[in-house]
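The values are calculated or read from the model by the stated rules, or taken from the named source; none is laboratory data. If you're wondering where the values come from, they're calculated on a predicted model, not measured in any experiment. Glycine gets a Cβ as well: all are built from the backbone with ideal geometry, and neighbour counts include every protein chain shown. Side chains are part of the model used for accessible areas, which takes the heavy atoms of the whole protein and leaves out ligands, DNA and RNA. Shrake-Rupley method; radii C 1.70, N 1.55, O 1.52, S 1.80 Å.
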Amino acid sequence: AEIVRTHTSIGAQILQDIKGDGDYNDFVDMSYDIALYHHEKWDGSGYPEGKKGNEIPVEARIMAFADVFDTLVSKRYYKEAYSYEKAFSIIEESLGTHFDPELGKVFLECREELEKLYDEIAE
């Protein structure tokens, strides 16, 4: 399990290594923050640095919703896919601990669109 946690810093290092003098450096910087911090948690219990609240870059807080939702509703080698109902319930219950509660309100408002998108992908 510990080795899985290294994907955040490895991904961030790869992005840091490709950064140069190009016009796309703002994009690389944002991508770096997403890669490194998307497993931080609102309450500070995440990794790799234990950042909390607004210390976590907003783009990483947004990615956390996408990452967790996709994991919950997708079949993985170690688990079956959860229903949308269960996935949204888990995320809603985790607002203020795992997730930014204000961004969470916006995420939950997108439920219908997300379900439609995932249904289309599954076809």
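In table form, for the structure just shown:
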| item | result |
| --- | --- |
| Sole exception among (1) assigned to a helix (DSSP H, G or I); (2) of a type in the set (Ser, Thr, Tyr); (3) within 29 Å of GLU2 (Cα to Cα) for TYR118, by number | (3) |
| Close pairs from segment 99-123: first touching a residue at least 12 places away in the same chain (Cβ under 8 Å), partner of a type in the set (Ser, Thr, Tyr) and open to solvent by 50 Å² or more (accessible area, probe 1.4 Å), Cβ under 6 Å, at least 6 apart | GLU115/TYR84 |
| Flag for ALA64 being small (Gly, Ala, Ser), at pLDDT 95 or above, part of a helix (DSSP H, G or I) and open to solvent by less than 90 Å² (accessible area, probe 1.4 Å) | yes |
| Qualifying residues in segment 67-115 (those that are of a type in the set (Phe, Trp, Tyr) and in a helix (DSSP H, G or I)) - the one farthest from LYS52 (Cα to Cα) | TYR84 |
| Where THR71 falls short, out of the listed (1) among the β-branched types (Val, Ile, Thr); (2) modelled with pLDDT of 95 or more; (3) open to solvent by 80 Å² or more (accessible area, probe 1.4 Å) | (3) |
| Test: PRO48 is touching a residue at least 40 places away in the same chain (Cβ under 8 Å) and either open to solvent by less than 50 Å² (accessible area, probe 1.4 Å) or in contact with a Phe, Trp or Tyr (Cβ under 6 Å, 6 or more places away or on another chain) (or both) | no |
